Amino acid sequence: MNAESQPRYVVPDRGTMIFNAVVARLTRMGISVYGSRVLAVRGRKSGEWRTTPVNPLTIDGQRYLVAPRGNTQWVRNMRVAGGGELRIGRRVEKFTATELPVEERPAVLRAYLKKWKFEVGMFFQGVGPDAPEDKILAIAPDHPVFRIRS
């Protein structure tokens with residue numbers, strides 16, 4: 001498989017890993033950082049719980065998880081598991097997840113960038129919330145989006 005056909009994945013650098021660890025620790029303590037939750041998904045091979053901090057997004061009563069870094073491990077696990085848990089402190093919310101087709105992602109990506117561009121904008125190839133629809137659609141295949149339901 002050549003590099004052009006590989007699914008996009010941006011490996012977190014040391015600073016990002018430290019930031020994620022701090023956000024995850026605060027969220028596990030029950031302190032949400034701008035809506036953060038700890039996502040728990042069963043590993044697709046091990047069956048063990050895998051966790052990572054995420055920023056759930058609500059649009060018109062629908063909830064979404066967006067993968068700014070692309071086809072991460074949590075995305076691959078979610079595709080197999082079909083759901084997981086969102087945790088904050090001792091509260092656990094179980095959910096099912098459905099991946100959106102590429103053509104349905106732009107509105108969610110735009111809303112996500114409006115809310116969290118300061119944190120994740122660098123992962124969206126220079127595309128911001130005010131970009132034309134065709135630019136957001138062009139990057140949509142690189143950013144999986146899941147609709148989640150409790």
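Tabulated data
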quantity	calculated
Scan of segment 114-150 for residues that are under 30 Å from Glu85 (Cβ atoms), charged (D, E, K, R), out of contact with any Lys or Arg (no Cβ under 8 Å at 6 or more places or on another chain) and modelled with pLDDT of 90 or more, ordered by number	Lys114, Lys115
Residues that are under 27 Å from Pro106 (Cα atoms) and either outside any strand (DSSP E or B) or open to solvent by 10 Å² or more (accessible area, probe 1.4 Å) (or both), drawn from segment 23-38	Val23, Ser32, Val33, Tyr34, Gly35, Ser36, Arg37
Test: Gly61 is more than 14 Å from His143 (Cβ to Cβ), surrounded by fewer than 17 Cβ atoms within 10 Å (Cβ to Cβ) and in contact with a Ser or Thr (Cβ under 7 Å, 6 or more places away or on another chain)	no
Criterion: open to solvent by less than 60 Å² (accessible area, probe 1.4 Å) and modelled with pLDDT under 80 - qualifying residue of Gly47, Gly15	Gly15
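For every residue, the table says whether it meets (1) surrounded by 14 or more Cβ atoms within 10 Å (Cβ to Cβ); (2) within 16 Å of the chain's Cα centre (by Cα); (3) aliphatic (A, V, I, L, M).
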site	(1), (2), (3)
Ala97	yes, yes, yes
Arg110	yes, yes, no
Lys114	no, yes, no
Gly128	no, no, no
His143	yes, yes, no
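The values are calculated or read from the model by the stated rules, or taken from the named source; none is laboratory data. It should be emphasised that the depicted structure is a prediction, and the values quoted were computed from it without experimental measurement. So basically every Cβ, Gly included, is an ideal-geometry build from the backbone, and we count neighbours across all protein chains shown. SASA here: full protein model, heavy atoms, side chains in, ligands and nucleic acids out. Shrake-Rupley method; radii C 1.70, N 1.55, O 1.52, S 1.80 Å.
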